[in-house]
Amino acid sequence: MPTGKSVVIGASGFLGAHVVRDLVDCGEEVRAVVRTTSDTRGIDGLEVERVTGDIFDPASMHAAIAGCDVVYYCVVDARPWLRDATPMWRTNVEGLRGVLDVVARADLRRFVFTSSVATIGIPAAGPATEEVRNNWMRRGGEYVQTRVAAEDMVMTYRDTHGLPAVAMCVANTYGAGDYLPTPHGGMVKAAVYGKMPFYVEGIGAEVVGIADAARAMTLAADRGRPGERYIVAERYMSPKEIFAVACEAVGVEPPSKAVSVRRLTAMAGAASLAPRLRRTTSLLTPTSVRLMHIMPRMDHGKAVGELGWAPAPTPDAIAEAARFYLGQRRRP
């Protein structure tokens, strides 16, 4: 594991909090950067230096990274359903640009960037690898466009400023501590609560346990090659499989009604029409449905071979997430 002091920007988020926890468990000295409005339950009780900062405030970013040799960047706006994508562009690209301007002038050993499997392209055959660049960006909507633009910008700073950056292409994460929850975690939560009436057949996504995703990040600080990206995904699972694992873990019946992608797309079109007329937002949109099934199966061999990453079976993390959600519901 790395030595020296590490800073986690976005330490209150699901992944950021687990990165902080992994570093603390390994005996590292950690500075956790949160906003004044952050929900810090994910890092409460951990022995860390907690500082207030904002990616749009360069002075606070200068102060946050001072004396640190590794920066973990775990900030992302993951709301592909937004009618107005301006907030996503502002956070995922413009906010990142300001931070890169700061860290590019620092003497860092590594800048570990949280990217997404959405930046991985669809191969002609077989599982996708890091060598396949995104080739379906238009179909993925503006969320995917922001993620590709962000990763490309990080790599540009690597080339032009010598920033020792690695890009971690993280899949859908599952596990305890998903307080918000994440969009995919929210579906598991709904299934556990008996509020998910159906599952979508014929689709699937790459998944990974949140603790294993965090471990890949911390391994990359020590072993990742600057300028490289790494797929952080353990396996491919269908919604039916995910709901079955989650519901079995807490002793409830999983959704039994199957809905086709075509029907869900039609439902999404109808669901997004009324909010558009009312100038509100629907989480179910044709784009969000498309993101459920467009991405290919992926090969995480590079992370295993170069980083020494050894992820546990993701179903274990899904079961842990289910127990966490149920525990949250039962709290007074």
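The values are calculated or read from the model by the stated rules, or taken from the named source; none is laboratory data. Please read all numbers here as calculations on a predicted model, not as lab measurements. With ideal geometry, Cβ positions are generated from the backbone for all residues, glycine too; neighbour counts draw on all protein chains shown.
Among the listed residues His18, His62, identify the single one that is modelled with pLDDT of 95 or more, closer than 25 Å to Arg147 by Cα and more than 22 Å from the chain's Cα centre (by Cα).
Working: His18 fails: more than 22 Å from the chain's Cα centre (by Cα).
One residue alone meets the criteria, His62.
Only one of Thr129, Thr91, Thr86 is more than 20 Å from Ala233 (Cα to Cα), of a type in the set (Val, Ile, Thr) and over 15 Å from the mean Cα position of the chain (by Cα). Can you tell me which? Don't jump to the end; show me each part of the working.
Numbers: Thr129 fails: more than 20 Å from Ala233 (Cα to Cα); Thr91 fails: over 15 Å from the mean Cα position of the chain (by Cα).
Answer to the selection: Thr86.
Examine the stretch 217-229 for a residue that is surrounded by fewer than 22 Cβ atoms within 10 Å (Cβ to Cβ) and under 23 Å from Pro80 (Cβ atoms), and state whether such a residue exists.
Applying the first criterion (surrounded by fewer than 22 Cβ atoms within 10 Å (Cβ to Cβ)) to the stretch 217-229 yields 222-223, 225-228.
Then drop every residue that is not under 23 Å from Pro80 (Cβ atoms), which leaves none.
No; the residues of the stretch 217-229 include none that is surrounded by fewer than 22 Cβ atoms within 10 Å (Cβ to Cβ) and under 23 Å from Pro80 (Cβ atoms).
Here's a check for you: in the stretch 234-265, which residue that is of a type in the set (Gly, Ala, Ser) and part of a helix (DSSP H, G or I) is surrounded by the most Cβ atoms within 10 Å (Cβ to Cβ)? I'd like the intermediate steps shown before the answer.
At the first step, the residues of the stretch 234-265 found to be of a type in the set (Gly, Ala, Ser) are 238, 244, 246, 249, 251, 256, 258, 260.
Add one more test, that the residue is part of a helix (DSSP H, G or I), and what stays is 244, 246, 249.
Values: Ala244: 19, Ala246: 28, Ala249: 18.
Result: Ala246.
So, of the residues in the stretch 186-209 that are in a loop (DSSP other than H, G, I, E, B) and more than 20 Å from the chain's Cα centre (by Cα), which turns out to be farthest from Phe243 (Cα to Cα)? Step through it out loud before you land on a result.
Of the stretch 186-209, the ones in a loop (DSSP other than H, G, I, E, B) are 193-197, 201-204.
Next, only the ones that are more than 20 Å from the chain's Cα centre (by Cα) stay: 193-197, 201-202.
Values: Tyr193: 11, Gly194: 11, Lys195: 12, Met196: 9, Pro197: 11, Glu201: 12, Gly202: 14 Å.
In this case the residue turns out to be Gly202.
Tally up the residues in the stretch 60-72 that are outside any strand (DSSP E or B) and closer than 16 Å to Gly98 by Cβ, please.
From the stretch 60-72, those outside any strand (DSSP E or B) are 60-69; that's our starting set.
Restricting the remaining residues to those that are closer than 16 Å to Gly98 by Cβ gives 60-65.
Count: 6.
Could you list, ordered by first residue, the pairs with Cβ atoms under 7 Å in which the first is in the stretch 57-83 and more than 19 Å from Met292 (Cβ to Cβ) and the second is modelled with pLDDT under 95 and assigned to a strand (DSSP E or B), at least 6 apart or interchain?
Pairs that qualify, where the first residue is more than 19 Å from Met292 (Cβ to Cβ) and the partner is modelled with pLDDT under 95 and assigned to a strand (DSSP E or B), are Gly67/Lys5; Cys68/Lys5; Asp69/Lys5.
Search the stretch 22-51 for residues being touching a strand residue (DSSP E or B) at 6+ places or on another chain (Cβ under 9 Å) and part of a helix (DSSP H, G or I), and hand back the single one that is surrounded by the fewest Cβ atoms within 10 Å (Cβ to Cβ).
Checked the stretch 22-51; the qualifying residue surrounded by the fewest Cβ atoms within 10 Å (Cβ to Cβ) is Val24.
Could you tell me which numbered condition Ile231 fails, if it satisfies all but one of (1) touching a strand residue (DSSP E or B) at 6+ places or on another chain (Cβ under 9 Å); (2) of a type outside the set (Ser, Thr, Tyr); (3) outside any strand (DSSP E or B)?
Against the list (1) touching a strand residue (DSSP E or B) at 6+ places or on another chain (Cβ under 9 Å); (2) of a type outside the set (Ser, Thr, Tyr); (3) outside any strand (DSSP E or B), Ile231 comes up short only on (3).
Can you name every residue in the stretch 142-163 that is surrounded by fewer than 21 Cβ atoms within 10 Å (Cβ to Cβ) and modelled with pLDDT under 95?
Glu142
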